[in-house]
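Data first, discussion second: the structure below is written as structure tokens.
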Amino acid sequence: MDKTHLKNLFNKFEETQDKKDKSYFEYFKSISALSVALIGLLIGLKASPIPNQYAKFAFLITIILIGLCILFSLATRFYEVTAYKQEVQSRKLNISKYVENPAYNNLQIDQLGKSWFYKFSEILTFSCLLLSIIALIFYVYFLEFYPSEIIV
């Protein structure tokens, strides 16, 4: 196989990996930003007073779930830092292996692994986001359509 062609393939592969990683982290960055904006909007536009206990409970659950969504999306975004650290370590190891035996170690491919914590954070980000939307729907239902307590 031609080394120039192989080098070109590796360069394209690295470009594709970089694009994938960039879009992945930008996606979680947008989830974090939207969640922070939504929590601010909800608190700023909260009905005062909230007419019934069900609506109060749904509002509290919504705020908690959006807060957890922010927390888990930030944990997922921290994986970017960890991945770069792993990449540096992998490149150092590849260079030292190559220096030791260039003929044997001239083709080096490494796959960086994602820890269970980041996978778990990713799943919980989406779960909390989905549950917060459902809780928000219940909040609006209890606020607008559910008969409120009669205060005499």
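What to note about this one:
- Taking region 26-43 as the range and being crowded, with 17+ Cβ neighbours inside 10 Å and more than 15 Å from residue 132 (Cα to Cα) as the test, only 28 passes.
- Top-ranked residue of region 26-45 - restricted to ones that are touching a residue at least 24 places away in the same chain (Cβ under 8 Å) and hydroxyl-bearing (Ser, Thr, Tyr), ranked as nearest to residue 60 (Cα to Cα): 35
- Residue match in region 68-85 (condition: farther than 19 Å from residue 25 by Cβ and touching a helix residue (DSSP H, G or I) at 6+ places or on another chain (Cβ under 9 Å)): yes
- The set of residues from region 80-99 being at pLDDT 75 or above and either under 27 Å from the mean Cα position of the chain (by Cα) or over 30 Å from residue 23 (Cβ atoms) (or both) comprises 80, 81, 82, 83, 84, 85, 86, 87, 88, 89, 90, 96.
- Test result for residue 46, basic (Lys, Arg), surrounded by fewer than 16 Cβ atoms within 10 Å (Cβ to Cβ) and in a helix (DSSP H, G or I): no
- Taking (1) outside any helix (DSSP H, G or I); (2) under 28 Å from residue 116 (Cα atoms); (3) of a type in the set (A, V, I, L, M) in turn, residue 65 satisfies each apart from (1).
The values are calculated or read from the model by the stated rules, or taken from the named source; none is laboratory data. These numbers come from a predicted model, not from an experiment. When we count neighbours, we look across all protein chains shown, and the Cβ atoms used for this are built from the backbone with ideal geometry, even at glycine.
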